[in-house]
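The values are calculated or read from the model by the stated rules, or taken from the named source; none is laboratory data. Everything numeric in this text was worked out from a predicted model, so none of it was measured. In this analysis, Cβ positions are derived from the backbone assuming ideal geometry, glycine residues included, and neighbour counts consider all displayed protein chains.
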Amino acid sequence: MANWAWPEIIDEDSARDAAHMAGGWAGVVAGLTTLFAVISIVSGIRVMGINAFSLVDAVLFAVVAWQTWRGSRAFAVAGLSLYGLEVLYSVATHPPGIGILTIIILLALINGVRGTFGLHKYEQLKQQQQLMMTQPPPMAFQAAMPSTSVPPPPPPDMQK
């Protein structure tokens, strides 16, 4: 991908790449959340506002990562929504709350939504093309040409 911040989604491969990138970043969120939650449990000190309840968040992002990697539109939207709500909560409770990593993850999740929807679109196009290949071509219209030939005689049963 030439443009990591806003990749062009022009075919099935580029759509899959965007979905994989979002799944990877959701996995990073799940991993970092797990790491900080475990550190806060062991040390008893909240690290970056993360506590033991954040393990639930980590599990949610792990599922989002897995399903977005597979191309699920619903989980890509859910992951973006969940992360967006967390960013809004972070901004409201701990200003400024947004760093460069937050922006990178938001862009990746937005591109994941774009990628999963694009992937669905390109898979539908491929199915339609395969369907068109398996159906026989439509019959071409042939105008009846007048004939000067004599019609064949009727079968012997009908001559009586």
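Details
- Reported count of residues in region 71-129, each being hydroxyl-bearing (Ser, Thr, Tyr) and at pLDDT 90 or above, is 6.
Yes or no, residue by residue, for (1) touching a Gly at 6+ places or on another chain (Cβ under 7 Å); (2) within 20 Å of SER14 (Cα to Cα):
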{"residue": "ALA58", "(1), (2)": "no, no"}
{"residue": "VAL63", "(1), (2)": "no, no"}
{"residue": "ARG73", "(1), (2)": "no, yes"}
{"residue": "ALA78", "(1), (2)": "no, no"}
{"residue": "LEU82", "(1), (2)": "no, no"}
{"residue": "GLU86", "(1), (2)": "no, no"}
{"residue": "ILE105", "(1), (2)": "no, yes"}
{"residue": "ASN111", "(1), (2)": "no, yes"}
{"residue": "THR116", "(1), (2)": "yes, yes"}
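- Cβ pairs under 9 Å, 6+ apart, first in region 41-66 and of a type in the set (Phe, Trp, Tyr), second modelled with pLDDT under 90 and loosely packed, with under 13 Cβ neighbours inside 10 Å: none
- Tabulated pairs, region 88-117, first touching a residue at least 24 places away in the same chain (Cβ under 8 Å), second among the basic types (Lys, Arg), C-beta under 6 angstrom, 6+ apart or interchain: THR116/ARG73; PHE117/ARG73
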